[in-house]
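Since every read-out is calculated from the coordinates, none of them should be taken as a lab result. Keep in mind that this is a model prediction, so the values were computed, not measured. Glycine also receives a Cβ, built like all others from the backbone with ideal geometry; neighbour counts cover every protein chain displayed.
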4 protein chains.
Amino acid sequence: MLVVMERGATPEQVLGVVRRIEELGYEARPLVGRGRTAVAVLGNQGSVDAARFVDLPGVRDLIHITEPYRQVSRDWQPESTLVRLPGGVVVGGDDVVVMAGPCSVESERQIVETARLVRDAGATVLRGGAFKPRTSPYSFQGVGEQGLAWLVRAREETGLPVVTEVMDTESVELVARHADVLQVGARSMQNFPLLKRVGRAGKPVLLKRGYAATLTELLLAAEYILAEGNDQVILCERGVRGFDAATRFILDLAAIPLVHRLSHLPIVADPSHGTGLRGQVLPMARAAVAAGADGLLVEVHPTPERALSDGVQTISTEEFGDLMRQCRGIAEVMGRRMAEPAEVA
Amino acid sequence: MLVVMERGATPEQVLGVVRRIEELGYEARPLVGRGRTAVAVLGNQGSVDAARFVDLPGVRDLIHITEPYRQVSRDWQPESTLVRLPGGVVVGGDDVVVMAGPCSVESERQIVETARLVRDAGATVLRGGAFKPRTSPYSFQGVGEQGLAWLVRAREETGLPVVTEVMDTESVELVARHADVLQVGARSMQNFPLLKRVGRAGKPVLLKRGYAATLTELLLAAEYILAEGNDQVILCERGVRGFDAATRFILDLAAIPLVHRLSHLPIVADPSHGTGLRGQVLPMARAAVAAGADGLLVEVHPTPERALSDGVQTISTEEFGDLMRQCRGIAEVMGRRMAEPAEVA
Amino acid sequence: MLVVMERGATPEQVLGVVRRIEELGYEARPLVGRGRTAVAVLGNQGSVDAARFVDLPGVRDLIHITEPYRQVSRDWQPESTLVRLPGGVVVGGDDVVVMAGPCSVESERQIVETARLVRDAGATVLRGGAFKPRTSPYSFQGVGEQGLAWLVRAREETGLPVVTEVMDTESVELVARHADVLQVGARSMQNFPLLKRVGRAGKPVLLKRGYAATLTELLLAAEYILAEGNDQVILCERGVRGFDAATRFILDLAAIPLVHRLSHLPIVADPSHGTGLRGQVLPMARAAVAAGADGLLVEVHPTPERALSDGVQTISTEEFGDLMRQCRGIAEVMGRRMAEPAEVA
Amino acid sequence: MLVVMERGATPEQVLGVVRRIEELGYEARPLVGRGRTAVAVLGNQGSVDAARFVDLPGVRDLIHITEPYRQVSRDWQPESTLVRLPGGVVVGGDDVVVMAGPCSVESERQIVETARLVRDAGATVLRGGAFKPRTSPYSFQGVGEQGLAWLVRAREETGLPVVTEVMDTESVELVARHADVLQVGARSMQNFPLLKRVGRAGKPVLLKRGYAATLTELLLAAEYILAEGNDQVILCERGVRGFDAATRFILDLAAIPLVHRLSHLPIVADPSHGTGLRGQVLPMARAAVAAGADGLLVEVHPTPERALSDGVQTISTEEFGDLMRQCRGIAEVMGRRMAEPAEVA
């Protein structure tokens, strides 16, 4: 940490900061510039508590130099983490992995049929929500536990591993018994008890960025999971909140190369939630692959206009076929390829 | 809902929309303007699913006219809700209620001493966190269950009712056995399973606005609690995320008169989290009372520079005394008064 | 416009609204829903002034249905506008047009050399600032008028048309005498006197989106130019302001397909300002082309670390070569091609 | 500046940074921490160009320690600047100065009548726009030069000094001949040619914060004016852009105590533009005074529903009387008083 002094700080004030640093057991190193003086804090293991300095006379500002996360950092582990799903699907390597399916699981027939259709078009993971976080208490809240069994049925029929959301600590074990990947939604990104619990559940985790979360906060949320001993974490950019009502969210694609620089964890993009509009899903899926995303999360429904939730941003299976074709071309330009669905056992 | 047509929409396209509305069992009312045509949907009980219209040829936009919340609305209940706490404290009436205390409960001695000091300065409710949501897994996570017993001890000594945060569904019953008000933090505002559970816990709820939540989303989160039969909900403005790193958050004080217009629920302000800086707490506390806040939530510690969390934004008990004096004057200008602490039983 | 009544509005209040509408010479059409009543305003030519209704008893809200822009709209002109630059360069057709060059014109040698290098790598337009808007008065403010002559020299040497910024009304004629495209910067997007003046200058305009401008505001700014009789306008997405200090700006690529739907004007992307970091320029350039951008605006300098401004986000000519190669592949997948530099006359 | 190295940076890489610092004529001071090494740059007069370091191997980040502004800083001048207007009005001292009037000057009669009414209610400065920046080219653009003469007439009748907006460099002299304070609007805050010109016009300047400008950017914009030799600058908080369509802007009142700490310049608040809604103007005016604002800028019209612009956020003269009464009480609690209108000469 760097303690920056006011421009007219007296030598006594600088000495006061030096003493406080030494009281805390650290080493103080004053830096006398022309404009102002700063005092570096050295020898600290973790982060230094800014509150110990904020009220000392002559102190203007405190600057943290070290990021607060550790195990998720590329500093900590230079090589990229590969997240391994059943059926040989690997996220974070050369393949671009597409996870597709309806917003909500609605019936056994709906989810099995959709699974077949997205698999035939090239998806390698099936997505679908049994428990649904909804802004209004009067909206459809998901079919619940029954939906998990239907997702298992769809996996048996198609061989596609299943990703589905878990919303509270009490359901983690239940969902982990059925799903191949536990999804932590954007609204739960800082539900710390939930992060700890999924960190101990023994399954890969798909962690969505909160829609007003900084990248540091996203990486610290992932750090909660790694701190429990689970490094099989896939990050997901799904749009951040902006000021223009014309677009519900802004898909922050620059987060993809930035996360790749800061962390060894893979990151995928969700162009469905990230745009909120069917007509934007295809162009933004292409853009995400071009930006270097390790995969896509896409809402697909055989008849989007009859979907029980999120129909406005859900594409049809025909549109999904186009999406796969276009993204395949882009992946090739990038020297990558779209992951292939596994053979059914 | 209003289905707005493209400017060049044909009569056949307008008819297609009319038919779709009638298929869904509603009444269609075309509005032919000079610029463009729109079709109003009448006769619907709840909200109409936009997805049923978004793909019809010639449709440009869908405009919702009715807000999605009901029981929290002033339309539903014109008179203001009074939230009644033990010891005769009432939030939402003429009194401005100040809830003060440390960010974290650290020890029995610390919380009892702080409770006495804030009570002597004029606080009427004690705040303090036993379970702490922290951005980093390596930060102090709160003393946990033991802290609840210490809060009860502080209440016995001072007569101040206690507000403390509950972070997951599994802890709701435990916290409800000890606390007088259950706090749902900003990061949990859309933790819907938690909202449902606190709605059934039989205690008043302090619901903090998420730092990127719209007022509609805040009111819908409160609606989750009212839908469970509990109308004793206090809303709390605690700052929203902005683009300027100089201020961690922007305290959105205009939310206070707006919420008073839209809803019958009381709303308080948290100038400590809402600014993140000790030097801003006093001016923004004054401003919140001047804007019409029904109360304040303030972080106070006898020695802020030794606080285990949030020291940078915590004020001392001396500063808190100043805050109370200044806010008392402003409340009088507003025709209100600061609530008085109850006599110890 | 739609005047939405309070839920408990009386028939007299609805009648009051009807009368006010009729007084203003429009037609009123009441819509009685189960939840609430609204009154549509019909027969108005332009926009209706909301202030005439906001204080009538029982009125809750006013909803505008028609967008405020006209000539820039695809409703007004369904076919895409082609912006034609000297040398046969066309923006808005099948070709993706790359405009490259240094942030600032620094010397005749620097700009002529850079022009040659970017031309050899495939750029078709030369960018470079003679007048520079700088946040601090103590930063390098550009070489001024001299720079315009050097840009002309570079055009003579390479055949590349030149785009350069104009910052105030007094300089419009001067800049228009030298440049092929007049750039209006993000900070000037709502400098309305400047927009009117460039609209009359007889040259194509590159209009950059303000970094907190909605798409409606961007299109209305363009409307100022079209209203002066000049439809040769190229829009430019250059990043909007977000809440995360890790990324200076968020490049809002979804604006590209959205603008294409709303307007007939071409839109290009600026990955240099849009990310602010050299390492993000390549991935975001690829993503912009994949999202459908009609072109790119890229800061290139032979030795970025010696650039007099914006060095942190400027790429080298080698990196620019890579960018062109990668974007060429992506354009092909999209069924487009990168524009070819014209032959030197 | 601090050059922060990657965690695994080699001694050679650190040495490379030291050499580059010394090449630039500065002094290098390495700081070896446990987590990582940083190198401080000392001896520099102004700011160091980050681009010289960003590409050196092993460099992770560059941290600026000194703010970029100088003359506006409290470091530079500890005592508060008093801005003196004709008639003895002083902004920045003990008095809270209220500037009131219509959004637009519409006619001689309207502006003279409004001036009398706001003067009788206690305003000490008259505001009113002759040149109006409007988002749409089809909205009323102001009466122009004629309006300046009418403002002068209103000043002659009431003795109130006049503040009015200047939109481009060409009009600065004209406006300065008539007005007592030159207003630079939010959209012009970074119109640098305009800032330079008003800095030389010999009149006090009211500089409004851009609606996505950081406080550093606001202070740097003011620095442009001071750098021309004019320190008579009044800053104005007028709301920043947020993510919630329910409130057009968020009035960032914490900016007031923050600016008072960072700068010696006075700052006033504009609750009319800062909220955009008539019903919010009174509570936010009170809150601004309670937060420590040196004055208010308020839109008042005898018949707001007939105002040619901004009617939705304009209050009536009756409401303005209430505002003055309430703010007077709050100012007294703060140990300040509302400025009194001067006697007519």
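Once backbone amide H atoms are built at 1.01 Å from N, C:GLN183 has C:THR164, C:GLU165, C:VAL166, C:LEU206 as its partners under 5 Å, excluding neighbours fewer than 5 places away on the same chain. Measuring nothing but alpha carbons in the protein assembly as shown and taking Rh as the Kirkwood radius, the Rg to Rh ratio lands at 0.94. Summarising the rotation from chain C to chain B, the nearest chain C beta-carbon to the axis and its distance in Å are given as C:ALA245, 2. Can you list residues whose amide H is under 5 Å from A:LEU251's amide H, if they're 5+ apart or on another chain and H is modeled 1.01 Å from N? Those qualifying (amide H under 5 Å, at least 5 residues apart or on another chain) are A:VAL240, C:ALA254.
Working note: Karplus 6.51/-1.76/1.60 with θ = phi - 60° gives the stretch C:47-57 the couplings 7, 8, 7, 4, 4, 6, 10, 4, 9, 5, x Hz, where Gly and Pro are set to x.
Note that the stretch A:35-43 has calculated 3J(HN,Hα) couplings of x, 7, 9, 10, 10, 7, 9, 10, x Hz, one per residue in order, obtained from phi through the Karplus relation 6.51 cos²θ - 1.76 cosθ + 1.60 (θ = phi - 60°); glycine and proline are x.
With the simple spin-label model, which puts each label point 7 Å out from Cα in the Cβ direction, the B:ARG325 to D:LEU24 separation comes to 4.9 nm. Gap in Å between the Cα centre of the stretch A:95-173 and the Cα centre of the stretch C:187-216? Their Cα centres are 47 Å away from one another. By the count of neighbouring beta-carbon atoms within 10 Å, fewest first, A:TYR69, B:TYR138, A:TYR224 end up ordered B:TYR138, A:TYR69, A:TYR224.
For chain A, the alpha carbon positions stretch 76, 42, 40 Å along the principal axes, listed from largest to smallest. Across C:VAL268, C:VAL143, C:VAL118, mean-square fluctuation computed from a Gaussian network of chain C (C-alpha pairs under 10 Å connected) peaks at C:VAL143. Relative to the Cα centre, the charge distribution of the stretch B:127-211, modelled as +1 at Lys and Arg Cβ and -1 at Asp and Glu Cβ, gives a dipole magnitude of about 320 debye.
Note on C:134-146: average number of Cβ atoms from other chains within 10 Å of each residue's Cβ is 5.
Taking every residue in B:186-195, how many Cβ atoms of other protein chains lie within 10 Å of its Cβ, on average?
Mean inter-chain Cβ contacts per residue within 10 Å come to 6.
Taking chain A as a Gaussian network, where each spring joins two C-alpha atoms under 10 Å apart, which residue of A:VAL172, A:VAL48, A:VAL312 fluctuates the most? Most flexible of the set in this elastic network: A:VAL48. Take the Cα pairs of the stretch A:160-270, get the Kirkwood Rh, then feed it into Stokes-Einstein at 25 °C and 0.890 mPa s and tell me D in µm²/s. The estimated diffusion coefficient comes to 174 µm²/s. Efficiency by 1/(1 + (r/R0)^6): what FRET value for B:GLU173 and A:ARG200, r their Cβ-Cβ distance, R0 = 30 Å, to the nearest 0.05? Computed FRET efficiency for B:GLU173 and A:ARG200 comes out at 0.85. Using the Cβ-Cβ distance between B:ARG306 and C:ALA246 with R0 set to 30 Å, the FRET efficiency works out to roughly 0.45.
Helix content alone sets the calculated 222 nm mean residue ellipticity of chain A: runs of n ≥ 4 DSSP H residues at -39500 (n - 2.57) each, divided across all residues, give -10000 deg cm²/dmol.
If you average the sequence gap of Cα pairs under 8 Å that are 6 or more apart and divide by the length of the stretch A:161-209, what percent do you get for the contact order? Show your work: numbers first, answer last.
Working: 76 pairs, mean separation 20.0, N = 49.
In percent, rounded to a whole number, it is 41.
Using C-alpha pairs below 8 Å separated by at least 6 residues, the relative contact order for the stretch C:1-109 is 27 percent.
With a simple spin-label model that places each label point 7 Å from the Cα along the Cα-to-Cβ direction, the separation between D:ASP94 and A:SER80 comes to 6.9 nm. Just to confirm my numbers, what's the Cα centroid distance between the stretch B:294-318 and the stretch A:12-29 in Å? Going from one Cα centre to the other spans 24 Å. Gyration tensor analysis over the Cα atoms of the stretch B:106-164 returns equivalent ellipsoid semi-axes of 22, 11, 9 Å (largest first, whole Å). Between D:ALA149 and D:GLU108, the contour length at 0.36 nm per residue exceeds the Cα-Cα span by 13.9 nm. In order along the stretch A:125-138, the Karplus-derived 3J(HN,Hα) couplings, from 6.51 cos²θ - 1.76 cosθ + 1.60 at θ = phi - 60°, round to 9, 9, 10, x, x, 9, 9, 10, x, 10, 4, 10, x, 9 Hz, and Gly and Pro are given as x. A Förster radius of 22 Å combined with the Cβ-Cβ distance from B:ARG116 to B:GLU340 puts the calculated FRET efficiency at roughly 0.85. Taking the dipole about the Cα centre of the stretch A:44-160, with the C-beta of Lys and Arg at +1 and of Asp and Glu at -1, give me whichever of A:ALA149, A:THR114, A:PRO137 is farthest to the positive side. Checking the options against the dipole of the stretch A:44-160, the answer is A:PRO137. Pairs of Cα atoms nearer than 8 Å and 6+ residues apart set the relative contact order; for chain D it is 18 percent. Restricting attention to the stretch D:43-192, close to 20% of DSSP beta bridges with both partner residues there are antiparallel. Over the stretch B:1-112, all Cα pairs binned in 5 Å intervals from 0 give whole-percent P(r) values of 2, 9, 15, 13, 9, 7, 5, 6, 6, 7, 7, 6, 4, 2, 1, 0, listed from short to long.
Start at zero, step by 5 Å, and the Cα-Cα distances of the stretch A:53-145 spread as 2, 10, 12, 11, 11, 10, 10, 9, 7, 5, 5, 3, 2, 1 percent across the bins.
Ordered by the count of other Cβ atoms within 10 Å of each Cβ, fewest first, D:HIS260, A:HIS273 give D:HIS260, A:HIS273.
Peptide C:29-38 has a mean of 6 when you count, residue by residue, the C-beta atoms of other protein chains within 10 Å of its C-beta. Working note: Debye formula, equal point scatterers on the alpha-carbon atoms of the stretch A:260-345, no solvent; log10 I(q)/I(0) at q = 0.10, 0.14 Å⁻¹ is -0.27, -0.52. Treating each Cα of the stretch B:201-244 as one equal point scatterer and applying the Debye formula with no solvent, the log10 of I(q)/I(0) at q = 0.18, 0.21, 0.23, 0.27 Å⁻¹ comes out as -0.53, -0.67, -0.76, -0.95.
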